[in-house]
Every structure is written in C-alpha cells, then in structure tokens.
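Visitor: Provided herewith is a single structure, encoded as structure tokens, for subsequent inquiry.
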Amino acid sequence: MEAAELAGLIGVGLAAGLAGGLIGVGGGVLFVPGLVLFLSLGQLDAQATSLLAVVLVGAVGAWRQAGYGNLRLRDGIVIGVLSPLGVLAGTATANVVSERSLALSFAAVQLFFAYRLARRAIEDKGKADAPSGVANG
Amino acid sequence: MSSRLARLAVIATVAGAFSGLFGVGGGTIIVPLLILWLGYEEREATGTSLAAIVGIAALGAAAHGAYGNVHVEEALLIALPGAAGVVAGTALQQRIPERAVSGVFSVVLVASAVALVL
C-alpha cells in the first residue's frame, strides 16, 4: 500500500468516526467509498467490509456514550434485535414497488425529519442546557 | 405489547428496511425517530442509536461473511482510525448544546435525501 493510500484511509476513517460520534450514525456512508477508493475493493465487498468496521466503531461510540450517561442499552438492543424484520419487510416491498419509488419515499421521510429537527434546533435553543443523560421518557 | 415496545419495533423495522435496501446504516432513521417519537434528548438518541447499529451491522456482516465478502484486515485498517474519530466525536458532542446536534442532523438528512434522489 502506498503512503498516500494509507493517509487517505486514515483520513476517511477519522472523519467517519468523528461524524458518527457527533450525530450517532455508523459512518458506513464514508467507509464504503473509502474502501473502494483507497483499497480497491468492489462495491459489494466494500459494503460488506464496511459493516464490520461499523460494528467496531459503533461499539466504541456506544461504550463512550455509556460513560457519559447517554445510553439506553435496553432500547438499543431491542432495535438491533428486531431490525431483521425490517430487512425482510424491505426486501418483500422491493419486489412489489419500484426501487425509484422507494428511494423517493425515503427521501421524503428524511426531508420531513430534517424539517422537524431544524424547527426543534431553532425553537428550543433555551432548553438545550440540560445536563446530558437526564432520562425523560 | 406495550406501545413503547411497539414504537421501538417500528423504528427497528424502518431502520432495517432502509439499511437493507440502500446499503447504509439505519442511524439516519433511528436518531430522528427516538427524538421526535419517543421523547429522547439528542445525546441519548445518538448513544442509543450507536448501540442499535452495532446489532444491525453485526447481523449484516455475519450474513455477508457467509458469502466471503468481508475483508477483516481492510475493515480494521479503516475501523481503527474510525474508533479514534468516534472517541473524539462523542467527546466533542458533550461540549456543544443538545439542540445543535439536531441542527447538524437536519443538514445531514437533507444531504442524504438529495443523494437518494440523484
């Protein structure tokens, strides 16, 4: 491996981890192109390999957040364990609905969430000073 | 089934579907739903999302591993700087207002929606 490729890999890994820790996502959206670009993996292998990287990064992130008092482990486990239902439902849906319609539907859902979260960020600024880890569910 | 458990099941299903169909993690679905639907604060939502993602990604990696598509060494090469990044990212998150996390997330969601449509 060339030094430039190693540097690129480290840069992408750091950026994905930083973003993942900040907003609670796994970083796969950056890992996949990073693995394709710097390690010449094919798209399928990059996606599969990225999932293993996400396991490690997610575990470290969850462990750190547990230390800060920001982890509801039981809920996290319930979501993780039940998610295969979604994979099955998604695959079944993909057989009756076009992929384009699914992509447009998900994009619409994401835009709706973006609108709601942006409003929350703007309107509730004053309430943002609560200490981390205060349960309110 | 309690309504709370039902909501978690719905979040799991949507996140799993999104992840399975588009090959990205379910985090962009899990975090907003935990905040908007289950009354989570931002830091708790992101911490809990990371734990859920471990489960989702582990199941996916195991399935792909059975077909020999997972490259363990390459995964470690990108995951080690990723782990350093996530330690820094979670530390940084404790130092900014909770609502700022919602603001950043909102921008990421718009970018993700645009990428899906293009």
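The values are calculated or read from the model by the stated rules, or taken from the named source; none is laboratory data. Remember, it's a predicted structure, so these values are computed and weren't measured experimentally. Every residue, glycine as well, gets a Cβ built from its backbone with ideal geometry; the counts of neighbours run over all protein chains shown.
Visitor: Going by the conditions given, is B:G39 closer than 22 Å to B:I96 by Cβ and either of a type in the set (D, E) or more than 13 Å from the chain's Cα centre (by Cα) (or both)?
Guide: yes
Visitor: Does B:E74 qualify as being facing chain A (nearest Cβ under 7 Å) and either more than 19 Å from A:V32 (Cβ to Cβ) or among the aliphatic types (A, V, I, L, M) (or both)?
Guide: So B:E74 fails the test.
Visitor: I would also like to ask the following. For B:F22, work out the one condition from (1) touching a residue at least 12 places away in the same chain (Cβ under 8 Å); (2) touching a helix residue (DSSP H, G or I) at 6+ places or on another chain (Cβ under 6 Å); (3) aromatic (F, W, Y) it doesn't fulfil.
Guide: (2)
Visitor: Hey, does the range A:63-77 have a residue that's modelled with pLDDT of 95 or more, of a type in the set (S, T, Y) and either surrounded by fewer than 24 Cβ atoms within 10 Å (Cβ to Cβ) or closer than 19 Å to B:A79 by Cα (or both)?
Guide: Yes.
Visitor: Please determine, by comparing only the residues of the range B:101-117 that are under 17 Å from B:L34 (Cβ atoms) and of a type in the set (A, V, I, L, M), which one is surrounded by the most Cβ atoms within 10 Å (Cβ to Cβ).
Guide: Looking at the filtered set, the residue picked out is B:L109.
Visitor: Within the range B:62-75, can one find any residue that is surrounded by 22 or more Cβ atoms within 10 Å (Cβ to Cβ) and in contact with a Gly (Cβ under 7 Å, 6 or more places away or on another chain)?
Guide: No: the range B:62-75 contains no residue that is surrounded by 22 or more Cβ atoms within 10 Å (Cβ to Cβ) and in contact with a Gly (Cβ under 7 Å, 6 or more places away or on another chain).
Visitor: Let me ask another. Any residue in the range B:44-57 that is under 15 Å from A:G67 (Cα atoms) sitting within a Cβ distance under 8 Å of a residue that is crowded, with 24+ Cβ neighbours inside 10 Å and among the basic types (K, R)? List the pairs, counting only those 6 or more apart or interchain.
Guide: Here the result reads none, with nothing in the range B:44-57 linked to a residue that is crowded, with 24+ Cβ neighbours inside 10 Å and among the basic types (K, R).
Visitor: Next question. Being of a type in the set (A, V, I, L, M, F, W, C), touching a Lys or Arg at 6+ places or on another chain (Cβ under 8 Å) and farther than 26 Å from A:A107 by Cα is the filter here, so list the residues in the range B:61-110 that pass it.
Guide: The answer is B:V86, B:V87, B:A91.
Visitor: Consider the range B:84-99. How many of its residues are surrounded by fewer than 24 Cβ atoms within 10 Å (Cβ to Cβ) and either more than 7 Å from chain A (Cβ to nearest Cβ) or under 16 Å from A:G27 (Cα atoms) (or both)?
Guide: Selection size over the range B:84-99: 6.
Visitor: Identify, please: which residue in the range B:25-60 is surrounded by fewer than 22 Cβ atoms within 10 Å (Cβ to Cβ) and hydrophobic (A, V, I, L, M, F, W, C) and is, among those, nearest to A:G61 (Cα to Cα)?
Guide: B:A58
Visitor: A:A114 is checked against (1) more than 7 Å from chain B (Cβ to nearest Cβ); (2) in a helix (DSSP H, G or I); (3) of a type outside the set (S, T, Y); (4) over 29 Å from B:L76 (Cα atoms) and fails just one. What number does that condition carry?
Guide: With (1) more than 7 Å from chain B (Cβ to nearest Cβ); (2) in a helix (DSSP H, G or I); (3) of a type outside the set (S, T, Y); (4) over 29 Å from B:L76 (Cα atoms) applied to A:A114, the lone miss is (1).
Visitor: Something else: Output the residue which, of all residues in the range B:68-101 that are out of contact with any helix residue (DSSP H, G or I) (no Cβ under 8 Å at 6 or more places or on another chain) and either touching a residue at least 24 places away in the same chain (Cβ under 8 Å) or outside any helix (DSSP H, G or I) (or both), is farthest from B:E42 (Cα to Cα).
Guide: Checking each candidate, the answer is B:G68.
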